[in-house]
Amino acid sequence: MMAEELQHSQKNFNGLTKPAKAGASKKLIIKNFKGESDWTSALESIMIRSIFLFLDRTYVLQNSLLPSIWDTGLELFRTHIVSDSGVQSRTVEGILEQIERERSGETVDRSLLRSLLGMLSDLQVIGRSLMMSALMSVYKDSFEQRFLTETTRLYAAEGQRLMQEREVPEYLHHVGRRLEEENDRVISYLDQSTQKPLIAAVEKQLLGEHMTAILQKGLQTLLDENRVCELTLLYELFSKVKGGLTALLQSWRDYIKSSGGEIVSSPEKDKEMVQELLDFKDRMDNVSQRCFQRNETFINAMKEAFENFINKRPNKPAELIAKYVDSKLRAGNKEATEEELERILDKIMIIFRFIHGKDVFEAFYKKDLAKRLLVGKSASVDAEKSMLSKLKHGCNIELTVNILTMGHWPSYTPMDVHLPAEMVKLQEVFKLFYLGKHSGRKLQWQPTLGHAVLKTEFKEGKKELQVSLFQTLVLLIFNEADECSVEEIRAATGIEDGELKRTLQSLACGKARVLNKTPRGKDVEDADRFHFNSDFRHKLFRIKINQIQMKETVEEQVSTTERVFQDRQYQIDAAVVRIMKMRKTLSHNLLVSELYNQLKFPVKPADLKKRIESLIDRDYMERDKENANQYHYVANILRPTAESVTQRTGSHEVGSQITSRLACRFVWSGCQRSLVNLLPDPEKQQRSVYDLINHSNSRTRAARAQCAHFTAFLTDDIMMEKQCAGVCWTLLMGCVFAAHAVTFEVTEGNSTCIKAELNASFSISYNTTNGTSVAAFALPSSAAVANGSSCGGAGVPPELLLSFGAGHMFSLAFSSDGRLYRVANMSLQYNLSDTSTFPQSSSAGVVSVMTNVSEISARLNSTYRCLSSTSISLDAGVNVTFANVRMEAYMTSANLSKDESVCSADQTVTTVAPTQSPKTTAAPSPVPPPAAPERGNYTITNGNGTVCLLALMGLQLNVTHFSKSRNQTVSEVVNLQPNRTTASGSCGVPVSTLTLAEDLTNLTFTFTLNSTTQKFHLSAVSVSAFWSDMTDRFVVSNSSLDFLQCSVGRSYMCSAEQTLAVVPAFSINTFRLQLQPFNVTANKFSAAEECRVDRENMLIPIIVGAALAGLVLIVLIAYLIGRKRTHAGYQTI
């Protein structure tokens, strides 16, 4: 029976393999499979084995010569069907034709395709199971390869055609649909292994081959029209193609640069520039967040592009952003609520961070801020504070709001107007009151800032008008006249023409028209006439009539820009000298490269070259004689001998102090010029300079130290020519007045909060009718604490305000961080109208200058002490010099604290040896090493208050750095003072840290525990110091140390002096050291493990003692032996 079934199957298979007639369709093979169910019959034949399982087990398997039913069926199908090339070819062609018809949009029988491809795939699997895959990989070899080739051909032609016919958005959607269709085919009837090569072929032909065309043709349109859906699809499609995101990223970057450049570079769009930038940034942020899936690479590229295009037009964007902020923060801006205003300011800060010329923004912003605060036009105090906080914390721009003297006010054109008699009388009353309260001040009225409230009666009833002073003067005219012309109003008020027309325009052409103009119109002409509008109506009782603001004048804008330019020149000069002083010799290209790294604003190479040429002309540096592109720093190299200086001055001691050609020039061109107005005999001027210095040698130690550092100060500070004389004279005055200090106190109730013993001298460069001169004067003993002094509170810092002379004032404002207090702001107000101090001054009035000071700082509840000279520049040409200073802020008692915070200059003072011979130049005497340091007790506690680290030790720091005063590398040894040192750190396993902070020095020890050896050691040390004589902050560290090894559970002890070499430029000397960074119990040290040095020190006495004991023993033995022999020689008689 089984044989009959096999024969029946063979007949069926033979029928399938008969050659087709000529012209037979490829559908025949498909129809045969479907209609006669031959494949199903074949499967039935194969499944006979299941039906005749019993026979297969009892008969076939028992007879080894007979093959199994399953194997026989497969063999017949391979022989008669699979191996026939005609069947394979017609089958595959029929399948490909059906797939092509489906791709063209026709409907096909997917179940038939699934059955056919399933057959091919199953045969492949069966072939592998029988180890005949090379013969039977029908799906891969016969179908898949031809299928992928046809797919590539089809989509290559389709991509070329559609890229020309369709727009990019439509094309992208078509590509998305095609990919979905091909994925659906894989799910429906293709083998899963075909999916990856199939999708890759489609993506390559429809996307990969046309990436450049897609981006060039459609990306700009998609971004301009903000097509979020298409941009999302574009990103998803390009992320699937190799190199797709890279190409998209570059095009995205180029688009931002191009579009943003158009916004910035068009002067006609300046009014809308900032708003357009904000809108453009919002659109790009939206695209990067929603379409590009917050890809960090795209976000960073956007930031880079914004920074690139916004700085192509230097300075202008910064200026316009400052004005835009002013428009948003100015009163009357009702476009946004407080929350919306805060969001706008945040967006502005994002744009602002891209700008290089932040100093331009700062200049315009400060000017506009002062105007808003002075005229009361600020929309919100909270918004102003918020913006200042953003600038300070986000962009490192230090802006604070203080009550300013007139020198800090924005410039206003002086204008004399005709005030009514009542106002003049009130002015005189206030003037008498003010000058009686503040002696030495000058009161100047600014009519442009005045405001008034007028009570007015209309037909509707009484109203109150809140108006400016100019509006007041105009309205008061109509108490006496019914109608006036422009000329009559001008004559009666004295208001200048432009301001008058703006005032009349606000009263007659605005929303609140209290005046009627004839003829009607928006502009005011000279022929217009005005009369009072008695029919005026308004729903409010008090009506505010805004003055039409005058736009920033060209002169004001140019003045601000020039001031920024001058400040940049000073910064460039200072940077060049700072670099050259450190490097000594440098090529032009390297110098320019260093400058670009240090300067924070954009600068052109031509500008740098001009400043370098200027410094060469002023002898700060020189060109190499053989190589014109190489520079040498010369300010501290060319030194005149003591003899040459002595011949000119007659003073050998001064000759020893003048150590450079630059210092000599300062003395003769600066100090001599500053004494012109004080010494009537010019021949005595030269001599008098040095007489002052010699006279000061008999003064206090502070004065001598100040004069000894006279030249060092001159050569180290970067100053303009007009400042040199002032600084020189200040130093001389400092030497003269060093011994004279004046005590000032600021009290509140019965408590004292600030106390200062000040000795200060000032030098101010000012313009005279004949050029430039320098005024030099000291803080007199008659100086008094002014009423503006306060102990602070409610956000106001403590301030010491001193008044002296004819309208001069000096102030120190303090701040605290809870650990230290410092002088945060220092300001000087001087009166150029004081002819005794500023003779022949070409200008008059009060000028104010201010600077932020960080050098003067001390620990809370301690007194700041500095005997050495300290000079601070308040502004170009304005300097103040302190010496012999003791002061304390935030006091808790009426007396200065006995605990002192000594300034860095006093900690390492170099004295000048007196000159014994006219031909010998005095040199600094070697500084003796300090005595052994005091032993400090330092503890660290963990979170629950338990002591986890103990240290008892005296520390001495050995630092090698470049000295400003000596202009050379020096080695200093400084003791760490325990009473001025605070300890902090952390405990843990396997690392514990101990940080010691003393004033401007921070020292950190890191201890590591080795769990294998159960020993700990000092593994790392870092130090940060910035002493007064250092050119830059000294920062070094070493994390690969292996010092102070000790077993866990014990403390390390070393009484002898040890030197821990951290780096070549820094080491630490330890004295009487005991520490335990791990396993501290009962808040005390565990048993000590001595260092090797201590053990060796103990071993030597032991050896010596043992040797002495041995020697004594030898002598004793010898004595006993000798005595015994002596007794042996005597006989008893």
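Side notes on the structure shown:
So that you can scan it fast, the table gives a plain yes or no per residue for (1) small (Gly, Ala, Ser); (2) on the phi > 0 side of the Ramachandran plot; (3) assigned to a helix (DSSP H, G or I):
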residue: Glu307; (1), (2), (3): no, no, yes
residue: Glu319; (1), (2), (3): no, no, yes
residue: Asp326; (1), (2), (3): no, no, yes
residue: Lys347; (1), (2), (3): no, no, yes
residue: His356; (1), (2), (3): no, no, no
residue: Ala363; (1), (2), (3): yes, no, yes
residue: Asp368; (1), (2), (3): no, no, yes
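- Candidates Val974, Val991, filtered to the one that is surrounded by 18 or more Cβ atoms within 10 Å (Cβ to Cβ) and in contact (Cβ under 8 Å) with a residue 12 or more places away in the chain: Val974
- Leading residue by the ranking (surrounded by the fewest Cβ atoms within 10 Å (Cβ to Cβ)) among those in the range 779-797 that are at pLDDT 85 or above and either touching a Gly at 6+ places or on another chain (Cβ under 9 Å) or in a loop (DSSP other than H, G, I, E, B) (or both): Pro780
- Scanning the range 413-465 for residues that are in contact with a Leu (Cβ under 6 Å, 6 or more places away or on another chain) and of a type in the set (Val, Ile, Thr) yields one hit, Thr456.
- Test: residue in the range 479-488 that is closer than 20 Å to His451 by Cβ and either in a helix (DSSP H, G or I) or of a type in the set (Val, Ile, Thr) (or both): no
- Evaluation of Phe1007 against (1) among the hydrophobic types (A, V, I, L, M, F, W, C); (2) in contact with a Pro (Cβ under 6 Å, 6 or more places away or on another chain); (3) surrounded by fewer than 16 Cβ atoms within 10 Å (Cβ to Cβ) (one fails), failing number: (3)
- Exactly one residue among Ser842, Ser868, Ser897 is assigned by TED's automatic domain parsing to the domain that holds Glu745 and within 23 Å of Val746 (Cα to Cα), and that residue is Ser897.
- Of residues in the range 845-857 being assigned to a loop (DSSP other than H, G, I, E, B) and free of Cβ contacts under 8 Å to residues at least 60 places away in the same chain, the one farthest from Val785 (Cα to Cα): Ser854
- Any chance Ala806 is over 30 Å from Ala997 (Cβ atoms), surrounded by fewer than 22 Cβ atoms within 10 Å (Cβ to Cβ), touching a Phe, Trp or Tyr at 6+ places or on another chain (Cβ under 6 Å) and in contact (Cβ under 8 Å) with a residue 24 or more places away in the chain: no
- Helices (runs of 4 or more DSSP H) within the range 98-189 that include 1 or more residues at pLDDT 85 or above and polar (S, T, N, Q): 110-129, 145-165, 168-188
- The single condition among (1) surrounded by 14 or more Cβ atoms within 10 Å (Cβ to Cβ); (2) assigned to a loop (DSSP other than H, G, I, E, B) that Asp535 does not meet is (1).
- Residue in the range 292-304 that is at positive phi and either in a helix (DSSP H, G or I) or not aromatic (Phe, Trp, Tyr) (or both) present: yes
- When residues in the range 816-844 are screened for being over 17 Å from Lys442 (Cβ atoms) and outside any loop (DSSP other than H, G, I, E, B), 9 of them pass.
- Count of residues meeting criterion [within 24 Å of Ile256 (Cα to Cα), of a type in the set (Gly, Ala, Ser) and in contact with a Leu (Cβ under 7 Å, 6 or more places away or on another chain)] in the range 190-243: 1
- Residue tally, condition in contact (Cβ under 8 Å) with a residue 12 or more places away in the chain and farther than 20 Å from Asp999 by Cα, over the range 977-988: 2
- Taking first residues from the range 858-872 that are closer than 13 Å to Lys755 by Cβ and in a loop (DSSP other than H, G, I, E, B) and partners that are among the aromatic types (Phe, Trp, Tyr) and modelled with pLDDT of 85 or more, no Cβ contact under 7 Å between residues at least 6 apart in sequence or on separate chains turns up.
- Among the conditions (1) more than 26 Å from Asp526 (Cα to Cα); (2) touching a helix residue (DSSP H, G or I) at 6+ places or on another chain (Cβ under 8 Å); (3) modelled with pLDDT of 80 or more, the only one that Gln466 does not satisfy is (2).
- Residues located in the range 953-989, provided they are of a type in the set (D, E, K, R) and farther than 20 Å from Val1035 by Cα: Arg966, Arg980
- From the list Asn286, Asn311, Asn315, the lone residue that is touching a residue at least 60 places away in the same chain (Cβ under 8 Å), surrounded by 13 or more Cβ atoms within 10 Å (Cβ to Cβ), touching a His at 6+ places or on another chain (Cβ under 9 Å) and among the polar types (S, T, N, Q) is Asn311.
The values are calculated or read from the model by the stated rules, or taken from the named source; none is laboratory data. Keep in mind it's a predicted model, so treat the numbers as computed, not measured. So basically every Cβ, Gly included, is an ideal-geometry build from the backbone, and we count neighbours across all protein chains shown.
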